[in-house]
Structures are given as structure tokens and as C-alpha cells.
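Below is one structure, written out as C-alpha cells; comments come after it.
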């Protein structure tokens, strides 16, 4: 059965209104856009707060959640804010509360959070509000300070049952200090955080100099100061943002090149760009390595924790240039990001794009209004109190008459009227007198009231002077800002660089080239390599303790060399694994910056590295000298499949005292013994032997004597012999003894296996040589602490006695290195 619809009554039909759909959509959209812009997304330029942030801080202050109080559950804070001020759901309120507490998002956090409030970049979401707790930070108290003194306007909340502030007093420029981000309808804001101390300094300068230019203010605020630190490269975009309110700059992670293991170099990331988390960087690097778009990375570890903060360790493969790999990481990963500044904020209820000067001007004017209203409020309160004190003093002066008048009155109303008439008091004064207990009408209270009256008069005069003088008002505002900066300002975290560093990657090859270099061994056992083929003087410029060159070997960066130990072992080491030494003043390599030998080789007991050796198959070979006077010459046919092997079969109790790489094979070999004998004989008299051989007789030793030094000086005409004699009961380097310097040319060449000639005659109390060394003149000596010790002038007498030394000597060496013959050693007993 079909249904029939009766037409609407005539009175209802007359109320139907025809509406244009396009007009309705336009009006509704504008209303929605207005609500989003003014009630959610954009901050106020005066206090830098969005409505939800302002309501959170205000309500937490009303709840008494001050820094000295205990934390309370965030769910309680969210409930109070949502129920009284912000009826837009608990999610948006809690998200805003979390951000206010994040030190990596806010330059000066305003909420003190207790619990998991998330991590950098959003890699770890914050815990639910029922688990976390919060209270105000000390800095947040500066945002709401004096809010109960009529310093800002209040308006009804959404249901008219509560009042909320239209803006916070804001004792510091929060919008610039903590930045802001938000997306409205048709517009957005994205403001970078800044350093509190710098922003306050600029605001104070603007207060003192209202006509200050942008250039003047940028002397105080050179650029953003991001909570996560990092580096900003290129300042043109920042200048655009400070001028026009819009600009773009690039931020880079802070990375250091460090030795991860003795044989591996790594890039250690300690700061990331703003809003970039470590998980995002780790994931991107792994994807690039797997796709073979990034070379040189062997391992990646995230060692971030609460104690040491952010620490990403990117281990590099040997042979890759750390600087070049770092540039690739900047180019391909979020370790370099762009930040677009868009300074949109509400000014007098209107969204505007503001430069640095406009932002500071709006804030300064707001702060002047706040302090002016606060002074007016305080003056009014003090005037009211002064009015009461004056009436009470009149009553005290006429206390008997006042008491009699009250006793004769029928009721309190009559007493009040008679007090007003008799003593010319106001209604407020008369009521206050009647409400005052009799115990307040003593002589002592009179003195207190007179003191209070004088104090009130002084305070009223001061407040009146401030209100009547714009200069004094500005001084008060400036002083209060300075006090806030003194308490809450922290050093700058972000480094600003004028250059964008875009050309660096093209100048540095990704892989390390096979360039010439020197492997350097210091007298204290530090190992490293120099940059370049030339070796500068080792004793020029500042010098660390024991930082003297004991041996050096010319090779290439991608080659190999060998360490020779006093137990006759030869240990191969790749040159690339050595740290490249920085230079000191005077372009001298800083050996103290090398790595200990023990990081590259495992030594047995008291085994020591005494020399460096080449692994080249050609050449005259390597000569070795032992403590028992044995000499051995070894060829370069070392095994290729072994990294550690013996080059001499030592007798029981014997050790090497020297090892030298021959250059031509025509050099002379020299032994110096503990009994003061020096033997010089040709290297050609020692035939080459295989590795298992034990060598041949080198120098003839008397009973209880031993070889002290062995080597093959390459420039005998320029070399000197330095010997130090002393008592056999003393340890080398602890007794000054007597020293002697003699030209090597003074000593004749003798046959191998002979006793040689005397090199120093012992003085009374001396019976042994404590130390011996041969090298190119001039010879230089140093104490154990690195201080110089003067050596005696060269004595042409080969068998002369020594000269008393002023201090014990620990190191002797030469400052010359033009032929690669630099040698120094710790004193040896």
C-alpha cells in the first residue's frame, strides 16, 4: 500500500529559509579556519604560547605544582586542563605537556617530567599519562610570575564557569627561546629555538635603544641555538628570516674522528640536527650500505644512554678517508637537514609574519605593559593598606576617647558612624578599627604601625616614580630580564659557520692514497705516521714528556712495515692502522698523540720494541746486535704468510740492543760496551744469514761486560758519540754522572770480533757506562720531564774522561732529519 505524505503545516513552511550552499560553505570554512588559527595552531607573539600550552602552565600553577612540590600524575593535570579550560580531548593536551618537558625539543623546558617522555626524533614514544608525572620547572614560574596581580587580562572559559588568562606575563621571550611549530588553515609557523642569554641581551638593547636596527640586534643574536646542538652552515638563510620572517638554513651533526680500536678508525656522532633521532640515522646508513651506495662503513653501533647522551659510533674500513666518508654521510643521510623558518605569530589577534626586530618589539611592549600594570596594582594595594594604617594610628593616638565612644554606642553601626564623624575617618577605616583586637592597641604596635606607614610611603613613591617615568620603567624591565638570564641562561650549544662547506667533499678522495709517509716510533713507545714524505725537525717547538723519536722508517700509507723486538721477533703491521700524527708549533709531529705499541702487537713479559724494519725483498738487509756482542745480517726474504716470526736465534739470556736497516751495505757497524769500549767495523765483514741462524761474533767482551748500543750510522763524518759514565750501583737516568761528546770520525775502523778502543775514561767512583748513543750532530739531551740538559762540547780525544752533568739524562737525540737518520732512546743500563 503506497504511503501518502501530507504537506507541512503552513506555519512551518513559512520558516524554511533558502540558503546558498556556496555561501554556507564559505562561512563555515572561515569559522573553522578562524578557530584553528586562533585557538590551536598559532602562538601569541607576546608569550610564545599556543592556547593549550598556556592553559597547561596556568592550570599547573593554580594546582600548586611548583618546583619545590612533589610530582603528580600527568593524567591529573590533563584532566584538570580538559575539564576547566581546554575541552578538545586529552590527546592534544598530553602531547603538548610532553613537548613542554622535552629537553631535546625545548631550549628551556617548562615542565619537569618524571618518567618516559619520549626520545629524540620520536624514535621512542612517551609513556601513557597514567604512568608519567610532572610539575613546573623553575623557568615556568617566570612565565606565570605575578599573574595574580592584574598584569594580564582574563576571559571566561568555554562554559563561563572559570576564567583563564588571554596571555601569560612571560618574564623572558619564550617564543624566540623555545621556538614553535604548528599547521593552521592556509598558514603555518615554524620557529627555531634560540639561546636565552643572547635573546635577553638583544631585548635589553632594544629597551635601552628603541631605534636599534636589525644589524645591532644580530650582534647579540647571531643565529638559532638548537637544543640538540650541531652545526649551522651558511648564515644567509638566517639573515633572511631575521629580516623578512622567512628563511632556510642547514644543520649538521657534530662528529669526531676517533680511534675505535687500535686498528680501526671511526666517526663518533654526539649531536644530531634538530628533530632528527638516532634510529632514523642508523636505519638510513644501513639501507645505504646494503644498497652499496655508501662505501667505507664496516660497522655501526648506537651507544646512546642516559649517562653519556647521544653516541653513534660508525666504524670505518681501513683505507678510507674519514673526512670523505663523513661528507658522504652528510649528503646521503639525515645527519644534515634543512630547517625552514616561518615566523608566523598572532599580534593583536591577527596572524603576521615577523622578523627578529618585530618579534622583540612585540615582546618588549608586552613586558612593559605587564610591569606597568603590576606597579599600578601594587601601588593600589599599598595605598589601601596605608589608608587603614593611618586610621588605626588615629585610633591609637585617641585610644581613650575611642574606647569611651564605643562603650557609649548602642550598636556597632552607631559606633562606626560616631567614629567617622568624630575623627573624620572613612567607612573602611572605621570598620577596620572596630575589627581590630585590643591586643593590637599597645605602644609597641604603634611603633610597628609608624614603621609600616613610612615603608608604605617609600614604596608608593618608588612605584609612582616608575609609573610616571618611561625611562625608569624600562630600567626595571631590563633589570628583571637580566636576573632571569643570569639564573637560567646556558652556554650556546650550536656552532654557527658562515660557509656552507659544500666544496669539501670534492677535494678529499674517498679512499686514502698510497702516499709517501714516515712511520715514527718514540722513545716512550708511541707509534704513529706522519703526513707527507718530508720529516720535520723533532726537537723544535713544544715537546711532551719522552716525546723523542727513537726510530723512523720511510714507507707509503698503504704499505706494511715491521716492528723488531729485543727478543728477536719481527712483527708485521699495516701502515694504515697507525694514527696520523697532528703537528705542533713549528710543524713538528706530536708523537704524544700516537698510540702505544702494545695496541698493535702483543709483547711477552718485559719484551720491548727497539726498532722499525722494512719488508722490502731487495736491499742490503737488516743488521742486528745483541747484548752479548753477537751481530747478524738478515736478508729481506721474509715469509709472506706469517705476521710474526723470529729473525735471530738468541742464546740463553741474550737480547737485542739494536737493529738497523742498511741503506747501501757499505756502512760501518758500531758496538759500544758497558766497559767503555767502542768497536767500529765494516758491515761487509758480516755475511747474510738465514732467519734460523744465531749470528756471528761482533765485539769481544770482557767478563761481566755487555753491549750497550749497536747501530750503523749512515753519515759517520757528521755523527757524534754521546756516552755517560757512572756507578754500576746506580740506575740509568737516576744519576747525573759524567757525559762526553766525541766525533765518530775520531774512532778508527777495526776488525770484527775485536775489543775496539776506549771511548770514555772513568773518573773516581765511576766503573761503567750507563748510556751510549750515536747520531748526527748536534746532539740534544732531555730530562724525563722533557726539560733540556746541556751536553758537554765535543771532545776530540776519544779516550778522554767525561764532564760532570748538571741533571740526570733520560733521552738523547738529534734535531736533524734531512736524511731520515733521527735516533733517540731512553737511557739503558
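Bear in mind that the values in this text are calculations on the coordinates, not laboratory data. All figures in this text were calculated on a predicted structure; none of them were measured in a lab. Quick reminder, even Gly has a Cβ in these numbers, built from the backbone with ideal geometry, and neighbours come from all protein chains shown.
Shape analysis of region 254-334 places it in the oblate category; the axes a ≥ b ≥ c from the Cα gyration tensor give an a/c of at least 1.5, with a/b not above b/c.
When peptides 416-422, 772-778, 352-358, 558-564 are ranked by their average number of other Cβ atoms within 10 Å per residue, the highest-first order is 772-778, 558-564, 352-358, 416-422.
When 68, 667, 376, 384 are sorted by how many other C-beta atoms sit within 10 angstrom of their C-beta, beginning with the fewest, the order is 68, 384, 376, 667.
Over region 516-826, what is the relative contact order in whole percent, taking alpha-carbon pairs under 8 Å and six or more residues apart?
On the way: 859 pairs, mean separation 56.4, N = 311.
Computed value for region 516-826: 18 percent relative contact order.
Once the Cα-Cα distance is subtracted from the 0.36 nm per residue extended length, the residue 486 to residue 804 segment shows a gain of 108.3 nm. Return, ordered by residue number, the residues of region 341-376 whose backbone nitrogen is under 13 Å from a label point located 7 Å along Cα→Cβ of residue 468. The answer is none.
Ranked for footprinting exposure by Cβ neighbours inside 10 Å, fewest first, 142, 25 give 25, 142. Pairs of alpha carbons in region 728-796 separated by more than 14 Å make up 68% of all such pairs.
Against the chain, whose longest principal axis comes from its Cα atoms, helix 322-332 is set at around 30 degrees. Normalised Debye scattering of region 29-172 at q = 0.19, 0.21 Å⁻¹ gives log10 I(q)/I(0) of -1.20, -1.45, counting only Cα atoms as equal scatterers and leaving out solvent. Each peptide among 307-319, 171-183, 72-84 gets the average number of other Cβ atoms lying within 10 Å of its residues, and from highest to lowest they stand as 171-183, 72-84, 307-319. Multiplying the residue separation of residue 183 and residue 618 by 0.36 nm and subtracting their alpha-carbon distance yields 149.3 nm.
Kindly state, to the nearest 0.05, the FRET efficiency for residue 664 paired with residue 727, given R0 = 56 Å and r defined as their beta-carbon distance. Walk me through the numbers on the way to the answer.
Details: r = 40 Å, r/R0 = 0.72.
For R0 = 56 Å, the calculated efficiency reads 0.90.
Taking every alpha-carbon pair under 8 Å whose residues sit at least 6 apart, the chain reaches a relative contact order of 9 percent.
Calculate the FRET efficiency for residue 287 and residue 697 from the Cβ-Cβ distance with a Förster distance of 56 Å, rounded to the nearest 0.05. Don't jump to the answer; show the numbers that get you there.
On the way: r = 67 Å, r/R0 = 1.19.
So the FRET efficiency works out to roughly 0.25.
Compactness ratio for region 151-294: Cα radius of gyration over 2.2 N^0.38 Å (N = residue count) comes to 1.46.
Cβ neighbours within 10 Å, averaged per peptide: list 671-677, 399-405, 754-760, 132-138 in order, most packed at the top.
Details: 671-677: 24.9, 399-405: 13.6, 754-760: 19.7, 132-138: 21.3.
Ranked by mean Cβ neighbours within 10 Å, highest first: 671-677, 132-138, 754-760, 399-405.
If you line up the long axis of helix 196-208 against the longest principal axis of the chain, both from Cα atoms, how many degrees apart are they, to the nearest 10? The two axes meet at around 50 degrees.
Applying 1/(1 + (r/R0)^6) with R0 = 41 Å to the Cβ-Cβ distance of residue 422 and residue 88, what FRET efficiency is obtained, to the nearest 0.05? The formula returns an efficiency of 0.10 here. The distance between label points at residue 399 and residue 159 comes to 5.4 nm (points 7 Å beyond Cα on the Cα→Cβ vector). Panel values: region 368-488, Kirkwood radius from alpha carbon pairs, Stokes-Einstein at 37 °C and 0.692 mPa s, translational diffusion coefficient 197 µm²/s.
Please report the antiparallel percentage of DSSP beta bridges with both residues in the chain, rounded to the nearest 5. If I count the DSSP bridges inside the chain, around 90 percent turn out antiparallel. Max-minus-min Cα coordinates of region 516-826 on each principal axis give 53, 46, 37 Å, with the largest extent listed first. Averaging the sequence gap over all C-alpha pairs within less than 8 Å and six or more residues apart, then dividing by the number of residues, gives region 599-656 a relative contact order of 30 percent.
Taking all pairs of different Cα atoms in the chain, averaging 1/r and flipping that mean, what Kirkwood radius in angstroms comes out? Walk me through the numbers before you get to the answer.
Details: mean 1/r = 0.0287 Å⁻¹.
One decimal place: 34.9 Å for the Kirkwood radius.
For a footprinting-style exposure proxy, rank 19, 460, 466 by other Cβ within 10 Å, fewest first. Mind showing how you got there, number by number?
Values: 19 9, 460 18, 466 23.
Listed from fewest to most nearby Cβ atoms, that is 19, 460, 466.
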